[in-house]
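Notes to accompany the following structure.
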Amino acid sequence: MSNKIEHTLKSTIRTIPDFPIDGIMFRDISPILSDGKLLKDITDRFSEIIKDNNWSPDLILGPESRGFIFGSLLAAKLGIGFIPVRKPGKLPSSKIQIEYSLEYGSNILEMHDDAISKGQKIIIIDDLLATGGTVEACTKLCEQLEGEVISNLFVIELEGLSAREKLHPIPCISLIKYPA
């Protein structure tokens, strides 16, 4: 299934030059989101990857906003909980936060301070791995609550931006790769 899904994803994802700023080749996943079968195939593939690696996550974590989509689908398939990591001002209860760098700016992420119990195993999932700043920030949030990130999963990876080195030793698996 991995070769078939890779081909389907590459033919479905749109590339938008110079968005949101000049020099960025934006990978638009909107066409994926309108294809229910493809969403199911992506979720099934992520589930297979988890099984093939003998990972047993307690929770799936997804950063706002596209990580919510893939993360909640995967959590539902696995029958485990989902943790939303949000931008400031979106979470109603007591929270922790972290500031981090993006490939074209900086941001702040927040998570409820009771989202993870000590020792729980977490898989972080997002649509795109670029510089790794968002996932690194999510990992640090998990570590503040004494959770253990066991893997990072992505639909798309932009190669050549040293994200894997930044996230090492946590495994990173992407369904498709593009040059940065």
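Rounded to the nearest 500, what is the 222 nm mean residue ellipticity of the chain from helices alone, with -39500 (n - 2.57) per DSSP H run of 4+ residues and division by all residues?
Working: 6 runs with 62 residues, N = 180.
Computed ellipticity for the chain at 222 nm equals -10000 deg cm²/dmol.
Work out how far the C-alpha atoms of the chain reach from end to end along every principal axis, then list the three figures in whole Å, largest first.
If we take the Cα atoms of the chain, the spans are 41, 37, 30 Å.
Lysines near K37 by alpha-carbon distance under 20 Å, same-chain residues fewer than 8 away left out - which ones?
Once the sequence-local lysines are set aside, what remains near K37 is K4, K10, K77.
Please report the spacing between the Cα centers of the range 6-60 and the range 111-155 in Å, no decimals.
Cα centroid of the range 6-60 versus Cα centroid of the range 111-155: 18 Å apart.
Pairs to check: K40/K177; K118/K140; K95/K121. Give those whose C-alpha atoms are more than 23 Å from each other in this structure. List each step's numbers first, then the result.
Values: K40/K177 20 Å; K118/K140 14 Å; K95/K121 19 Å.
Correct reply: none exceed it.
How many percent of DSSP beta bridges within the chain run antiparallel, rounded to 5? Please list the in-between numbers first.
Values: 13 of 36 bridges.
Around 35 percent of the beta bridges assigned by DSSP in the chain are antiparallel ones.
Taking the Cα centre of the range 3-87 as origin, sum charge times position over the Cβ atoms of Lys and Arg (+1) and Asp and Glu (-1), and report the length of that vector in debye to the nearest 20. Let's see the in-between values first.
Working: 12 positive and 11 negative charges, 32 e Å.
Its charge dipole is roughly 160 debye.
Taking the Cα centre of the range 55-179 as origin, sum charge times position over the Cβ atoms of Lys and Arg (+1) and Asp and Glu (-1), and report the length of that vector in debye to the nearest 20. If you can, show how the numbers build up before the last one.
On the way: 12 positive and 16 negative charges, 47 e Å.
The calculated dipole for the range 55-179 is roughly 220 debye.
If I stretch the segment between E64 and S101 completely, what's the gain in nm (0.36 nm per residue apart, minus their alpha carbon distance), one decimal? Walk me through the numbers on the way to the answer.
Values: separation 37, 0.36 × 37 = 13.32 nm, distance 1.51 nm.
That pair, E64 and S101, stretches by 11.8 nm at full extension.
Give, in nm to one decimal, the length gained when the segment between E143 and D35 is fully stretched (0.36 nm per residue of separation minus the Cα-Cα distance). Let's see the in-between values first.
Values: separation 108, 0.36 × 108 = 38.88 nm, distance 3.52 nm.
Gain on extension, E143 to D35, equals 35.4 nm.
Along its principal axes, what span do the Cα atoms of the range 41-148 show, with the longest given first and each in whole Å?
Its Cα atoms span 34, 31, 21 Å along the three principal axes.
Considering only V135, F68, M25, whose Cα is most displaced toward the positive end of the charge dipole of the chain, charges sitting on Cβ of Lys, Arg (+1) and Asp, Glu (-1)?
Result: F68.
Each reported figure results from applying straightforward, stated rules to the coordinates on display, with no laboratory input. Values in this document were obtained by computation on a predicted structure and should not be read as measured data. FYI the Cβ positions are ideal-geometry reconstructions off the backbone, even for glycines, and counts take in every protein chain you see.
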